[in-house]
Every structure is written in C-alpha cells, then in structure tokens.
Amino acid sequence: MTPLQKAKNLMDGGQYIPALTILETLNVLSLKSENYRLLFMSNCWFNLEEYDWAIEIADRLLQKNPKNELASQIKYLSYCKLKDYDSAFDEIIGFLSYNKADHYKITLEELLTDIRAGFINDEDIISKIKELALQNDCLK
C-alpha cells in the first residue's frame, strides 16, 4: 500500500491527524498524486474544523488544477462555516462561470431553495445563481 493510499484510508476512517502526518511528509510526487495529496489535506483540515487551512490548501490545488470541483467545494463550504458568505458565493460563482457542475448541482439546487424561501436577497447574486443553475440544468 502506498503512503498516499494509507493516508486516504486513515482519512476515510476519521483519523485526520495521522493522515495529515503522512500527507505532509510526502514529496516528489507525480502531478496526479500531488493533486490527490492536496485534496486529501484540504479535506482533513476541513473535517478538523480548521477552515482557513482547508481554504489555503484547496486554493493551492485550484491553482494547479482550476477544474477540481471538490477543491472548490471545500473552499465554498469552509467559507460558509466561517460565515463569510460573500467569499462563499464568489467561490461558487467563480468556479461555475468556467466549469460545469457535477457535485455543485446539489448546492445550486439548495441555493435556489434558499432564494425561494427569501434567505438570499441580493439581486445580483440571485441573478447569477439562476443563470448558473440554468446552464447546469438545475432549474425546474
């Protein structure tokens, strides 16, 4: 078993600190393995409620791979946990402006529900979310 797989198994078992210990020592990885390493690290920090670290590492991954939807979603959710909703909306809107939604489809549907319930009132944000939902076949 590779160290990367061992770290993932630990992470999947909720053992985030031991997983991070392994992930932080890995170096000289292929691009694909490095992308997984950063994604796993960001996920671990998120689950440890260290949202600033999760954002920073997810951002490093997105700089290498701007199409990584899971990294973008970790950033979005971290901003939400920090109650930085402007940055959260910027993240989802920025990502979906250049990429199609897969995991974000559920998030878009939840945002549309929040709009209908009156929880989101900014007309610019409402307009952009509806536009992105339409582009990603989320409008019903």
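The values are calculated or read from the model by the stated rules, or taken from the named source; none is laboratory data. As the structure is a prediction and not an experimental result, all values here were calculated from the model. Backbone-built Cβ (ideal geometry, glycine too); neighbour counts: all protein chains shown. Accessible surface is based on the protein model in full, side chains and every heavy atom, while ligands, DNA and RNA are left aside. Shrake-Rupley method; radii C 1.70, N 1.55, O 1.52, S 1.80 Å.
What to note about this one:
- Virtual paramagnetic centre 7 Å along Cα→Cβ of Glu131, amide N under 15 Å, in the range 74-91: 90-91
- Accessible area of the chain belonging to carbon and sulfur atoms, whole % at 1.4 Å probe: 51
- Inter-site label distance for Asn9 and Lys105 at 7 Å from Cα along Cβ, in nm: 3.3
- For the set Lys8/Lys67; Lys6/Lys105; Lys83/Lys105; Lys64/Lys105; Lys32/Lys130; Lys6/Lys100, the pairs lying more than 29 angstrom apart at their alpha carbons are Lys6/Lys105; Lys32/Lys130; Lys6/Lys100.
- In Hz, Karplus ³J(HN,Hα) per residue of the range 87-101 (6.51, -1.76, 1.60; θ = phi - 60°; x = Gly, Pro): 5, 4, 5, 4, 5, 5, 5, x, 5, 6, 5, 10, 9, 7, 7
- For the range 50-140: rounded, prolate or oblate by the Cα gyration tensor [a/c cutoff 1.5]: oblate
- Surface per residue (accessible, 1.4 Å probe) for the range 1-85, Å²: 57
- Length-normalised contact order of the chain in % [C-alpha pairs under 8 Å, at least 6 apart]: 15
- Extension gain, Leu82 back to Ile17 (0.36 nm per residue minus Cα-Cα distance, nm): 21.3 nm
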